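Inspection log for the structure reproduced underneath, given as structure tokens.
Where a number appears in this text, it was derived from the coordinates with a stated rule and is not lab data. None of the values given here were measured: they were computed from a predicted structure. Ideal geometry is used to build each Cβ from the backbone, glycine not excepted, and the neighbour counts take in all protein chains shown.
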Amino acid sequence: MGQVSSQFSPGEISSIIIAWLVLSVAITYGNFTRLFTGTGNLEVVIAGFVATATGFIIHEMGHKFVAIRRGYVAHFRLWMWGLLLTLFIVVFSGGGIVFGAPGAVYIAPAATTAYYGYESATRPRDPEQENMVISAAGPGINLAFAVTFLSLFFVAPLGSFLSTIAQLGFLLNAGLGSFNMIPVPPLDGSKIFRKNIPVALAIALPLWAMLFLGPYYLGI
């Protein structure tokens, strides 16, 4: 595979940044807006941006680079209606409800790689198997980050900045990963469960367990 920069089509990086910023503001809306009055918590806002980078952006990049490695074109695109809906809901709910769907990675057959400038030496074989592997990359990354952030929470000083990052990072990754593993189309879980139930359960069960038990361990 060529240089990482060659794997991004024109405008893709700016789309990723916009999605990251919008979703980060959405999940920290209350503290973010209060920053302008001097009553918001900057540490919570920064922690939210870190959490979103791992829970959403790296999740999507997992899909992208696994897909490219396996011979597909993978391109992150903003979903403008989802972007507007994310902002609309969080603003009118005062930050009480967050609907996070600013964009996603779209995958196409490798025959169109010349248009985007991608480089890949492999070609897909079993489409369902390939789809399962690509789909598993996102929630698999969420699972890894959820475990990492939960471990960090246990070693970080209580109430510290690291503790705040660990808490938000864990909640976002466990929540997003758990949601995506629901076996309902078009979620990742539907593709994984359809092809390989043991693999699906190996990802889903720890995520679901952490989602339900995590708040107890975090003292929420």
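Note that segment 126-220 carries a Kirkwood radius of 13.6 Å, evaluated over its alpha carbons pair by pair. Taking amide hydrogens as placed 1.01 Å from N in the peptide plane, the amide H of VAL73 sits under 5 Å from those of ALA108, ALA110, each at least 5 positions away in sequence or on another chain.
Across the chain, the longest piece that holds none of the chymotrypsin sites (Phe, Trp or Tyr not before Pro) lying in DSSP loops with up to 16 other C-beta atoms within 10 Å covers 100-220. Overall shape of the chain was characterised from the C-alpha gyration tensor. The equivalent ellipsoid obtained from it has semi-axes of 31, 21, 15 Å, in decreasing order.
Span-like helix criteria (full DSSP H runs; alpha carbon extent of at least 24 Å along the helix axis; mean Kyte-Doolittle hydropathy of at least -0.5) are satisfied in the chain by 127-155, 161-180, 197-218. Each label was represented as a point 7 Å from its Cα along the Cα-to-Cβ direction; for ILE89 and ALA108 these points are 2.9 nm apart.
Relative contact order of the chain, taken over Cα pairs closer than 8 Å and 6 or more residues apart, is 22 percent.
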